[in-house]
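Below is one structure, written out as structure tokens; the observations come after it.
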Amino acid sequence: MAVLGLADPGDGDWARLRGLQYSSLARVSRLRIAANLIAALGVVWVYFSALHPALLAMWFAALCGSLWHTAGIDKALADADRRRMSRDEVNRQSRGSIYNALVWVVPLAGFAPFGTESARLELWAITAMLMTASAVLLPAVPLGNLLFAGIVGGGAFAGFAWAGSYEMALLSLVFVGVVALGSVENARSFLTARIAESAMAEKSEVVSLLLREFEEGEADWLWQIDTSRRVRSVSPRFAYALGLSHEEIDGKPFIQLIAGPAWDTGQFPSSLHDLAERLKRRESFSNLLVRVTINGQQRWWELSGTPKLDENGNFDGFRGVGSDVTEQRESSEKIAHMARYDTLTGLPNRMMVTEALGEAMRYAEQWRTRCAFLMIDLDRFKAVNDTLGHLVGDQLLARVSDRLKTVISDNELVGRLGGDEFAIVIRDASDHTRVTRVAQAVIEVLSRPYEVDHHTLYIGASVGSAIGPRDGTTVETLMRNADLALYRSKEEGGGLHFGYEPALHAHAEERRKLEFSLRRALENNEFVLNYQPVVDANDETIVSFEALLRWHSEEHGLVSPVKFIPLAEDTRLIVPIGEWVLREACKEAKKWPGNVKVAVNVSGEQLLDAGFIASVVSALSISGLPAQRLEIEVTESIFVRDSNTARAALEQIMSLGCGIALDDFGTGYSSLAYIRNLRFSTIKIDRSFVQGAATGSPESLAIIRAVVAMAESLEMSTTAEGVETERELEIIRGLGCRKIQGYYFGRPMPSAEARGLFAHSNLRAVNE
Ligand code: C2E
Ligand code: CA
Ligand code: CA
């Protein structure tokens, strides 16, 4: 019944199967029509003489109508295999078959009685052929066949019986039975075949779907090799990944395809070597990162593979998946690079330097050797940055790092810690001269002039070093101790290398204590001013005194200003201290003859302080000292930081009537340009030139001559500092300096002593 389509057993998708059955109708529709028409022509031919042609034509028309009708139904069912068939459609198709069959009953029952006996037999043969044809043509739709054969066969049986030929009636019954049975059997095998086919199709569909999905996945591909590690069954995506055609790949050794030139040299990257080993050992692996060479380009592949076994369980090669992870790796490498390298100079950054030092220390510990850490700080870099701007500063830093790279060997790593601080890690410093040599080379190479943006820049470098594990067993202590040594070399004026020594801790501790005391020095009245005379170069009369600060500390005894002034500047204690100096110096100067001036040193920190002018005004008004008798001494360094503010402050002071002296001329970073821009009252030529001139140094002589000439033309005075001997005095006098200051005419002295000098007219007599 199920085969006939009269019942739907619950164990399968019969609606779909029915669709498969009925869709076959459309395919054979033309053949069926042709068979019908041929048979109809046969009928017309047999009965043409016996019957009226109009009758035959009417029958023929009726047949055509039925064929037209069923052909329409068949056509509508063409897509039945792709959908579910409704029972309605089955019924309609069956009705079509019945209609068609009834048309054929007409000649069997209606025409035969008018023809001869042989015509009846001929008609039977024709209809029998038609039944057979439809059973053969339409194996899929047995119901239609059964209806057709049943009705037509029934008609034939009735016709033969009616005519009294019972043998033929019986024969036709048997024939119909055989046709019916045959067509049911046909249908059954058709259905079985379809069922098997659809199961197969379904299976292969699933497989191909899986494969397609796999192959279309982001970057993955399948690879397969045989027992001799040659590539087999190349997938298109794998070929694409290799950048070769299928033919170029198939049968080639896998490793050869991905090794690039290493295949010939045998020098595989370790990851590739690892892969080859695993393949050789028939070991499965997953997500193995392999450095491959494709088209001469280095790439990263991630490979997974498992050994394949044949049905007997023997090794049959490898199968696996792979993907190109170069981009991911490169971007993660980039990120890692950015995290470890300084963007400005391209040098390793603090993090990487710290790591390298940690490694070096582990190595030193393991092999009982020594490593070293050098901390480098640029001297006067800040001045460049402040005067010429960050762009020039950045370029300078890049040049510095280029030069640092030339100093180091494989044994060293140089990095930038930040700002103008650099560091070198020496992995193996067992050769103890190595540290000194590297440090000296750094200082030497960094102190050469730089050409940046049409500026010639002179900077220097200070270096502090610490040896591991001797000077520290952890990265932190070693870095701190190198920093301490660096601080020491900065303190000593820069351009030097200092190694760490435990005493530096004491030094740092001392500084801390000094600072503590300095904070209390003012309220404890520990400061006094000494005065050093400045005389006229011609008549040697006192023209002024320079006020020089002295600190008699309760805890530290007498502390040199060279030591505590920088500390006071660092801690900004210089501002209140400087105010005190100004007040004290003006008060003292008021006691001197009206033509003697007082010079007061002022640091940049003070000058840039907002309250500085007010403190000058207040010092003058409290003491009653005329502004003309106060000279402020500044060094060139004040212009380096914030030249505009410094210049404005100095101009305000000048407008009060005070003089401005440019101190320590020649030692600074700057040039004669400052002198031209500001109306200094005095240029003080540094002691080093005075001494240089005395020893006959041509540069010193030239500088003094130039400064004196320039000062004269700008109506400025000149003072030679640090004249200690008669000989120095003569030379300086000969060079044309107007004023002289130095131990030769008097050391800095207590105020009472200074006042006592006015009793004598000749200072030489006093000193002698
Ligand atoms: P400076 O302004 O260059 O002062 C001159 C320094 O040279 C003084 O050192 C002085 O004693 C020394 N000197 C003078 N004549 C000779 C000589 O013939 N031979 C030698 N070898 N040295 C001589 P001092 O008093 O130790 O002062 C050092 C520095 O401390 C000063 O250098 C100045 O920069 C700073 N300073 C001193 N007092 C003050 C102050 O009240 N305020 C500020 N801001 N700085 C001060
Ligand atoms: Ca001075
Ligand atoms: Ca000076």
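Can you compute the FRET efficiency between N538 and A614 using 1/(1 + (r/R0)^6), with r the Cβ-Cβ distance and R0 = 45 Å? Round to the nearest 0.05.
Once the sixth-power term is evaluated, E becomes 0.75.
At 0.36 nm per residue, and after removing the present C-alpha to C-alpha distance, how many nm does the segment from E355 to A503 gain when stretched out fully?
Length gained between E355 and A503: 50.5 nm.
Cα atoms only, the stretch 220-332: Rg and Dmax in Å?
Looking at the stretch 220-332, its Cα Rg and Dmax stand at 13.4, 46 Å.
What order, most packed first, do the peptides 72-80, 327-335, 476-484 have when packing is the mean number of other Cβ atoms within 10 Å of each residue?
Descending packing order for the listed peptides: 476-484, 72-80, 327-335.
Where q = 0.18, 0.20, 0.23, 0.24 Å⁻¹, what log10 of I(q)/I(0) comes from the Debye formula for the stretch 423-530, counting one point per Cα?
With no solvent term, the Cα-only Debye profile gives -0.91, -1.02, -1.20, -1.27.
For E444 and L289, calculate 0.36 nm times their separation in residues minus their Cα-Cα distance, and state this gained length in nm to one decimal.
Extra length from E444 to L289 when fully extended: 51.2 nm.
Add +1 for every Lys or Arg and -1 for every Asp or Glu among the other residues with Cβ under 10 Å from the Cβ of G317, and state the total.
Charge balance in the 10 Å sphere: +3.
Report in % the part of the accessible area of the chain that belongs to carbon and sulfur, leaving out ligands and nucleic acids; probe 1.4 Å.
Carbon and sulfur atoms account for 56 percent of the accessible area of the chain.
Any chance you could give the angle, 0 to 90 degrees and rounded to 10, that helix 475-491 forms with the longest Cα principal axis of the chain?
40 degrees
Quick check: residue separation of D274 and E712 times 0.36 nm, minus the Cα distance between them. What number comes out in nm?
149.4 nm
Once amide H atoms are built 1.01 Å from N in the peptide plane, which residues 5 or more positions from D316, or in another chain, come under 5 Å H to H?
Amide H to amide H, under 5 Å and 5 or more residues apart or across chains, D316 pairs with K308, L309, D310.
Which three lengths, in whole Å and largest first, does the stretch 341-501 cover when its Cα atoms are put on their principal axes?
Rounded to whole Å, the extents work out to 50, 32, 23 Å.
Within the stretch 523-552, which residues have the backbone N less than 13 Å from the label spot 7 Å out from N595 along Cα→beta-carbon, could you tell me?
536-544
Go through 423-429, 603-609 and give me the packing order, highest mean Cβ count within 10 Å leading.
Top to bottom by mean Cβ count within 10 Å: 423-429, 603-609.
For a protection proxy built on the mean count of beta-carbon atoms within 10 angstrom, sort 553-560, 269-276 highest first, please.
Ranking the peptides 553-560, 269-276 by packing returns 269-276, 553-560.
By how many degrees, between 0 and 90 and to the nearest 10, does the Cα long axis of helix 53-76 differ from the longest principal axis of the chain?
30 degrees
Where does helix 698-713 land angle-wise versus the long Cα axis of the chain, in degrees 0 to 90, nearest 10?
That helix lies at roughly 80 degrees to the long axis.
What whole-number value in Å² describes the accessible area per residue of the chain for a 1.4 Å probe?
49 Å²
Name the long-range amide H neighbours of M749: under 5 Å, sequence gap of 5 or more, or other chain; modelled H, no Pro or chain starts.
Y531, Q532
What is the stretch 341-501's relative contact order, in percent, from Cα pairs under 8 angstrom and six or more apart in sequence?
Over the stretch 341-501, the number comes to 29 percent.
Could I have the simple spin-label model distance between H337 and D402, label points 7 Å from Cα toward Cβ, reported in nm to one decimal?
The answer from the label model is 2.0 nm.
Please work out the FRET efficiency for the pair T667 and R520, using the Cβ-Cβ distance as r and a Förster radius of 22 Å; give the result to the nearest 0.05.
Working from the Cβ atoms, E equals 0.10.
Along the Cα→Cβ direction, 7 angstrom out, place labels at R679 and L6. What is the inter-label distance in nm?
It works out to 13.3 nm between the two label points.
Please provide three numbers in whole Å: the alpha-carbon extents of the stretch 521-767 along the principal axes, with the largest listed first.
Result for the stretch 521-767: principal-axis Cα extents of 47, 43, 35 Å.
Kindly provide the chymotrypsin sites (Phe, Trp or Tyr not before Pro) of the stretch 323-371 that DSSP labels as loop, not H, G, I, E or B, and whose Cβ sees at most 13 other Cβ atoms within 10 Å.
Listed in order of number, the matching sites are W367.
Taking a 18 Å limit on the Cα-Cα distance, which of the listed pairs K382/K513; K590/K684; K252/K280; K597/K739; K591/K684 fall beyond it?
K382/K513; K590/K684; K591/K684
Mind pulling up the Rg/Rh value for the chain? Radius of gyration and Kirkwood radius, both on Cα.
Rounded to two decimals, Rg over Rh is 1.49.
Going Cα to Cα from K75, which aspartates and glutamates come in below 13 Å? Please leave out same-chain ones fewer than 8 positions away.
E89
Only four residue types carry charge here, +1 at the Cβ of Lys and Arg and -1 at the Cβ of Asp and Glu. Report the dipole size of the stretch 480-537 about the Cα centre in Debye, rounded to the nearest 20.
240 debye
Do the sum for the chain: with -39,500 (n - 2.57) for every DSSP H run of n ≥ 4, divided by all residues, what is the mean residue ellipticity at 222 nm, to the nearest 500 deg cm²/dmol?
That calculation yields -18000 deg cm²/dmol at 222 nm.
Note down the relative contact order for the stretch 220-332 as a percent, whole number, built from C-alpha pairs under 8 angstrom at least six residues apart.
Relative contact order for the stretch 220-332 comes out at 27 percent.
The values are calculated or read from the model by the stated rules, or taken from the named source; none is laboratory data. None of the values given here were measured: they were computed from a predicted structure. Every residue, glycine as well, gets a Cβ built from its backbone with ideal geometry; the counts of neighbours run over all protein chains shown. Ligands, DNA and RNA are excluded from the accessible area calculation, which covers all protein heavy atoms including side chains. Shrake-Rupley method; radii C 1.70, N 1.55, O 1.52, S 1.80 Å.
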